[in-house]
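Report on one structure; see the data block that follows.
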Amino acid sequence: MIEARDTGSAEAAEGRRRDFWPSDDSGRKLPSPKLLFGAAAALVAVIVAVVAVVLLTGGGDEAKPQKQSMPTAYAPDYLGEGFAKLASRSSDTRPITEGEAFSAKTLKSGKYAFTLAESQLSSDCKGATWGGRLQGDLAKFQCSQIARAAYVSEDKKYVGQFAVINLVSQEGVQQVLRDLEPATNAGWVSPLQPKGVPAFGPGFTAAYTKTYGHYAVVTWVARAGGAQPASLNEMIDVSLVIENAADFLYGRLDLVSGGKTGQ
């Protein structure tokens with residue numbers, strides 16, 4: 001597991017996370033140009049994470065399913081660049097609908113293609129998570145909804161989990177992302193387990209979280225069966241496909257921005 005760090009600062013985030021926006025043809029509407037974050041530090045984080053997995057799992061042997069799963073590798077983005085006008089729920093009071101959150105029945109980018117296997121939209125934020133500290137902060141920052149979705153690749157080689165957490169403010173999102181740091185053991189989002197899809201949780205998994213104004217977005221991916229990937233870059237590429245499920249949030253940003261996204 002990744003060592004404990006000062007995950008609450010923008011500087012710490014920049015030192016760990018590479019640019020997670022894909023150069024693909026998904027049509028994603030970017031609010032502003034992305035910055036490339038600390039490539040050298042990110043490479044060090046990759047090496048540390050992979051070495052830790054080899055030591056802890058014996059080099060990729062299958063692990064037993066865990067009741068309370070957490071990612072092996074974790075990279076948060078606290079900055080929320082381009083989403084300042086969506087930083088408070090007071091400007092975006094309409095609840096998320098299933099039609100919005102789960103409109104992406106298929107996700108494709110490059111060589112990867114995923115299909116929605118199961119979805120759930122709930123106002124029971126406690127029931128969709130575990131961990132007293134995380135649940136306490138979800139209550140403190142008025143979590144009103146959690147939308148969760150499980151995806152499986154067409155070739156059955158990868159599985160992914162996607163979640164959007166509706167909080168009252170961007171400050172709340174940043175705190176929840178700190179709670180999700182595995183080293184804190186504060187808790188995590190419970191994965192969906194669709195029938196006919198390899199169990200999600202055992203083995204190697206990687207999670208990438210991002211601040212979308214007052215929404216926390218979680219993408220959590222793995223090779224089917226939890227096998228150790230060749231590198232974290234493989235998991236990053238897969239996570240970018242799953243993160244496309246968050247595109248509906250750009251529509252909400254457009255509404256509060258008067259069609260002037262990123263300004």
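The values are calculated or read from the model by the stated rules, or taken from the named source; none is laboratory data. Since the structure is predicted, the reported quantities are computational estimates derived from the model, not experimental observations. FYI the Cβ positions are ideal-geometry reconstructions off the backbone, even for glycines, and counts take in every protein chain you see.
Looking only at region 156-169, decide whether some residue is assigned to a loop (DSSP other than H, G, I, E, B) and either closer than 25 Å to Phe200 by Cα or out of contact with any helix residue (DSSP H, G or I) (no Cβ under 9 Å at 6 or more places or on another chain) (or both).
Yes, because at least one residue in region 156-169 is assigned to a loop (DSSP other than H, G, I, E, B) and either closer than 25 Å to Phe200 by Cα or out of contact with any helix residue (DSSP H, G or I) (no Cβ under 9 Å at 6 or more places or on another chain) (or both).
Tell me which residues, restricted to region 225-247, are charged (D, E, K, R) and closer than 20 Å to Ala163 by Cβ.
Just the residues of region 225-247 that are charged (D, E, K, R), to begin with: 234, 237, 243, 247.
Within region 225-247, Asp237, Glu243, Asp247 qualify.
Kindly indicate whether Val197 is touching a residue at least 24 places away in the same chain (Cβ under 8 Å), surrounded by 23 or more Cβ atoms within 10 Å (Cβ to Cβ) and not in a helix (DSSP H, G or I).
So Val197 fails the test.
Taking the options Lys85, Lys67, name whichever one is among the charged types (D, E, K, R), surrounded by 17 or more Cβ atoms within 10 Å (Cβ to Cβ) and either at pLDDT 90 or above or part of a loop (DSSP other than H, G, I, E, B) (or both). Before the answer, list the steps.
Working: Lys67 fails: surrounded by 17 or more Cβ atoms within 10 Å (Cβ to Cβ).
It is Lys85.
Output the number of the condition that Thr184 fails; it satisfies all remaining conditions of (1) in contact with a Phe, Trp or Tyr (Cβ under 7 Å, 6 or more places away or on another chain); (2) under 19 Å from Leu138 (Cα atoms); (3) surrounded by fewer than 18 Cβ atoms within 10 Å (Cβ to Cβ).
Evaluating Thr184 over (1) in contact with a Phe, Trp or Tyr (Cβ under 7 Å, 6 or more places away or on another chain); (2) under 19 Å from Leu138 (Cα atoms); (3) surrounded by fewer than 18 Cβ atoms within 10 Å (Cβ to Cβ) leaves (1) as the failure.
Tell me, please, whether a residue that is over 17 Å from Thr205 (Cβ atoms), at pLDDT below 95 and surrounded by fewer than 21 Cβ atoms within 10 Å (Cβ to Cβ) can be found in region 110-120.
For region 110-120, residues over 17 Å from Thr205 (Cβ atoms), at pLDDT below 95 and surrounded by fewer than 21 Cβ atoms within 10 Å (Cβ to Cβ): present.
For region 142-156, check the following and say yes or no: at least one residue is surrounded by fewer than 19 Cβ atoms within 10 Å (Cβ to Cβ), of a type in the set (Val, Ile, Thr), touching a residue at least 60 places away in the same chain (Cβ under 8 Å) and closer than 23 Å to Val238 by Cα. Break it down stepwise before answering.
Step one: list which residues in region 142-156 are surrounded by fewer than 19 Cβ atoms within 10 Å (Cβ to Cβ), which gives 142, 144, 154-156.
Retained after the next criterion (residues that are of a type in the set (Val, Ile, Thr)): none.
No, that holds for no residue.
Only residues that are more than 24 Å from Gly99 (Cβ to Cβ) and either assigned to a strand (DSSP E or B) or touching a Pro at 6+ places or on another chain (Cβ under 8 Å) (or both): list them for region 111-128, please. Steps first, please.
So in region 111-128, the residues more than 24 Å from Gly99 (Cβ to Cβ) come out as 111-112, 126.
Once the filter is applied, which keeps residues that are more than 24 Å from Gly99 (Cβ to Cβ) and either assigned to a strand (DSSP E or B) or touching a Pro at 6+ places or on another chain (Cβ under 8 Å) (or both), region 111-128 yields only Tyr112.
Would you check if there is a residue in region 232-239 being under 22 Å from Gly136 (Cα atoms), among the β-branched types (Val, Ile, Thr) and within 15 Å of the chain's Cα centre (by Cα)?
Residues of region 232-239 that are under 22 Å from Gly136 (Cα atoms), as a first pass: none.
Checked against the condition, which is being under 22 Å from Gly136 (Cα atoms), among the β-branched types (Val, Ile, Thr) and within 15 Å of the chain's Cα centre (by Cα), region 232-239 yields no hits at all.
Among (1) assigned to a loop (DSSP other than H, G, I, E, B); (2) touching a residue at least 60 places away in the same chain (Cβ under 8 Å), where does Val173 come up short?
It fails just one condition, (1).
Looking at region 213-230, which of the residues that are in contact with a Lys or Arg (Cβ under 9 Å, 6 or more places away or on another chain) and within 19 Å of Tyr78 (Cβ to Cβ) is surrounded by the most Cβ atoms within 10 Å (Cβ to Cβ)?
At the first step, the residues of region 213-230 found to be in contact with a Lys or Arg (Cβ under 9 Å, 6 or more places away or on another chain) are 213-219, 223-224, 229.
Next cut, within 19 Å of Tyr78 (Cβ to Cβ) only: 213-219.
Working: Gly213: 24, His214: 27, Tyr215: 25, Ala216: 29, Val217: 22, Val218: 26, Thr219: 26.
Filtering first and then ranking leaves Ala216.
Within the set of pairs 6+ apart or on separate chains, which have a first residue in region 76-98 that is more than 15 Å from Gly172 (Cβ to Cβ), a second that is among the hydroxyl-bearing types (Ser, Thr, Tyr) and modelled with pLDDT of 95 or more, and C-beta atoms under 7 Å apart?
Asp77/Thr209; Asp77/Thr211; Leu79/Thr211; Lys85/Ser91; Pro95/Ser144
Name the residues in region 67-105 that are of a type in the set (A, V, I, L, M) and touching a Gly at 6+ places or on another chain (Cβ under 7 Å), would you?
Step one: filter region 67-105 for residues of a type in the set (A, V, I, L, M), giving 70, 73, 75, 79, 84, 86-87, 96, 101, 104.
Within region 67-105, Leu86, Ala87 meet the criteria.
Within region 231-254, does at least one residue satisfy the condition of being among the aromatic types (Phe, Trp, Tyr) and surrounded by 23 or more Cβ atoms within 10 Å (Cβ to Cβ)? Walk me through it before giving the result.
Of all residues in region 231-254, those among the aromatic types (Phe, Trp, Tyr) come to 248, 250.
Keeping just the survivors that are surrounded by 23 or more Cβ atoms within 10 Å (Cβ to Cβ) gives none.
No; the residues of region 231-254 include none that is among the aromatic types (Phe, Trp, Tyr) and surrounded by 23 or more Cβ atoms within 10 Å (Cβ to Cβ).
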